[in-house]
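Colleague: I am attaching a structure below and will ask some questions about it afterwards.
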Amino acid sequence: MVLYELLHRKVAWADAYQLGDIGIRVLKGERPHVTTPFAQEKETVGRFMVDLMFKCWANRPIERPSFKDIQTSLSTKLPKR
């Protein structure tokens, strides 16, 4: 959700009345709608972040990247300072 909120500059699930509502929606396989322009781009850092976000949202936990995998992906894809 952190990536979603950074890319969209808005709170995910802002329409939820209670925290439990979010859990029910996620268990049903719902995810916030991605409307950021990065989702339409190819081969950009923004597109990379959108793809990473979707990988982290996989329904099956075994399909989600580990923190180590995320760290490796970020360190190799993001520009160095």
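Quick note: the coordinates plus some simple rules give every number you see, no bench work behind them. As the structure is a prediction and not an experimental result, all values here were calculated from the model. Every residue, glycine as well, gets a Cβ built from its backbone with ideal geometry; the counts of neighbours run over all protein chains shown.
Colleague: Give the cross-link partners of Lys77 among the aspartates and glutamates, using a straight C-alpha distance below 15 Å as the criterion and excluding same-chain residues fewer than 8 apart.
Modeller: Glu43, Asp51, Asp69
Colleague: May I pose another question? Report, largest value first, the span of the C-alpha coordinates of the chain along each principal axis, in whole Å.
Modeller: Ordered largest first, the chain gives principal extents of 41, 28, 21 Å.
Colleague: Determine the relative contact order of the stretch 2-77: mean sequence separation of Cα pairs under 8 Å and six or more apart, normalised by residue count, in whole percent.
Modeller: Once normalised by length, the contact order is 24 percent.
Colleague: Could you please rank Phe54, Phe48, placing first whichever residue has the fewest other Cβ atoms within 10 Å of its Cβ?
Modeller: Ascending number of Cβ neighbours within 10 Å: Phe54, Phe48.
Colleague: Which whole-Hz couplings ³J(HN,Hα) result when phi for each residue of the stretch 53-66 is put into the Karplus expression 6.51 cos²θ - 1.76 cosθ + 1.60, θ = phi - 60°, listed in order with x for Gly and Pro?
Modeller: Working through the residues one at a time gives 4, 5, 4, 5, 8, 3, 4, 8, x, 5, 8, 7, x, 6 Hz.
Colleague: Each residue of the stretch 10-22 in order: what ³J(HN,Hα) in whole Hz does its phi give by Karplus 6.51 cos²θ - 1.76 cosθ + 1.60, θ = phi - 60°, with x for Gly and Pro?
Modeller: 8, 6, 6, 6, 4, 8, 6, 7, 9, 4, x, 4, 5
Colleague: If you count, for each residue, the other Cβ atoms within 10 Å and average over each peptide, how do 62-68, 11-17 line up from highest to lowest?
Modeller: Taking the mean over residues of other Cβ atoms within 10 Å, the ranking is 11-17, 62-68.
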